[in-house]
Amino acid sequence: MKVRKFLAATSHEVLRKVKEELGADAVILSNKQVPGGIEIIALAGSDISSLTGEASPKTAANTAPFPASATAPTTKPAATAPKPKAASGKEQASSMQKQAEPHQQLQSPLHPPVADMQGKNIIHEIQAMRQMMEEQLTTMGWNNFSQRDPGGMKVLRTLLSAGFSPLLSRHLLEKLPADRDFEQSLKKTIALLTMNLRTANGDEIIEQGGVYALIGPTGVGKTTTTAKLAARAVIRHGADKVALLTTDSYRIGGHEQLRIYGKLLGVSVRSIKDADDLQLMLHELRGKHMVLIDTVGMSQRDQMLDEQITMLNQCGTEVKHLLLLNATSSGDTLDEVISAYQKHGIYGCIITKVDEAASLGVALDAVIRRKLVLHYATNGQKVPEDLHEANSRYLLHRIFKPSADNSPFSLQDPEFALVMAGNTSDPSTGKLSAYAEAGHDRR
């Protein structure tokens with residue numbers, strides 16, 4: 001009698017080995033998952049026969065031979081009639097099974113843990129095979145596309161290198177003519193982006209006046225941008241027509257920084273504590289041409305964000321929200337920020353820290369997909385010099401420059417398939433807006 005150990009990568013393979021070596025009537029004593037795969041300890045049916053005194057394990061009612069279908073391991077053997085000669089054999093079999101208990105004792109003709117494990121392994125193998133085939137087919141498809149349409153592939157490479165998302169890049173590619181000449185296609189692509197990038201009409205905020213709250217995450221540049229807008233308004237309408245408010249009582253020196261700007265501009269700066277305080281203050285300042293509110297910087301995941309927006313919306317005066325977007329942020333971060341604030345209403349946006357960003361493509365991509373109105377872009381700390389009116393043609397033309405050959409973010413041809421394959425076509429976040437495709441005027 002000899003107990004055998006079998007090891008294979010999958011349950012199906014290890015069961016096949018057991019059947020080949022010990023026959024269809026082999027009995028599984030234990031099984032477990034090990035670093036190398038699945039390990040099974042088994043005993044030949046003839047050895048069980050010698051222990052129990054039976055002619056064959058197949059004829060014993062309470063024995064469970066290795067199933068011919070190889071679908072699951074089986075149970076421990078048992079003798080039907082006690083014989084003097086077989087008694088020691090059964091004791092040996094019992095002792096052998098007790099030695100196997102640290103691994104896993106057999107409890108039923110169809111051992112549920114083994115069957116469950118085998119089923120999960122098979123499903124996992126099928127899923128892995130399907131994923132591998134999908135990746136290979138996708139790679140083959142994009143390789144064929146690259147050979148069939150080199151101009152289109154070059155446009156894609158240019159868009160992705162500029163920071164645009166694969167989703168928007170694919171939609172732009174669908175709008176290009178069939179000939180796909182690169183130079184002409186790139187001009188058409190820039191024209192499409194220009195039509196879809198909604199920009200304000202010059203300095204309309206300064207001209208029309210009103211109450212504006214600058215909102216956005218911590219460190220995006222709200223206080224400095226508030227001072228820049230205030231300086232423009234003072235130059236245009238005079239210091240007595242402009243007022244500054246701040247809700248930033250958390251950040252050390254936040255209120256003091258705005259107060260310094262206000263003193264230089266000759267504009268009063270007042271602190272706001274709650275909605276009632278804001279309502280009274282705005283009523284007092286109703287004769288001003290422009291009131292700018294510098295808000296507390298909060299993460300888009302901060303639960304207090306809703307409270308701050310509610311305070312702005314329940315003050316009895318229309319407060320327009322200007323969302324500040326950091327040009328150095330990733331696309332996913334900008335999407336998350338816009339989602340957090342857009343549900344409360346966004347009048348327009350300002351892209352900040354342009355001078356610190358490697359490319360404007362990521363920020364412009366988010367503005368285009370989310371259909372926001374871009375009013376200004378900032379590129380430094382100088383007040384008010386580093387605040388510029390948004391010009392779609394200028395912004396888009398300056399970002400299309402070749403990336404460095406040694407850039408770790410440059411995609412190789414085979415990598416395009418993996419980047420482009422997993423992106424969904426959600427019309428709310430990716431489709432080109434209908435007004436631009438129809439050639440309607442932007443706001």
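Roughly what would the spin-label model give for Arg301 and Glu125, points 7 Å off Cα along C-beta, in nm? That separation, rounded to one decimal, is 4.0 nm.
For Val269, nonlocal amide neighbours, meaning residues 5 or more places apart or on other chains whose placed amide H falls under 5 Å from its own, do not occur.
What FRET efficiency, computed as 1/(1 + (r/R0)^6) with R0 = 25 Å and r the Cβ-Cβ distance, is obtained for Gln381 and Ala358, rounded to the nearest 0.05? Efficiency, from the Cβ-Cβ distance: 0.80. Spin-label pair Ser46-His388: with each label point 7 Å from Cα along the Cα-Cβ axis, the two points sit 8.8 nm from one another.
Only protein heavy atoms count here; on that basis, with a 1.4 Å probe, Glu21 has an accessible area of about 110 Å².
Here the Karplus curve 6.51 cos²θ - 1.76 cosθ + 1.60, taken at θ = phi - 60°, turns the phi angles of region 346-351 into couplings of 10, 6, x, 9, 10, 8 Hz, with x standing for Gly and Pro. Calculated FRET efficiency, Ile235 to Glu318, Cβ-Cβ distance, R0 = 25 Å: about 0.50 to the nearest 0.05. Were the residues from Glu204 through Ile260 laid out at 0.36 nm apart, the gain over their Cα-Cα distance would be 17.5 nm.
The values are calculated or read from the model by the stated rules, or taken from the named source; none is laboratory data. All of these numbers come straight from a predicted model, not from anything done at the bench. Methodologically, a virtual Cβ is constructed for each residue, glycine included, from the backbone with ideal geometry; neighbour enumeration extends over all protein chains shown. All accessible areas refer to the heavy atoms of the entire protein, side chains included, with ligands and DNA or RNA removed. Shrake-Rupley method; radii C 1.70, N 1.55, O 1.52, S 1.80 Å.
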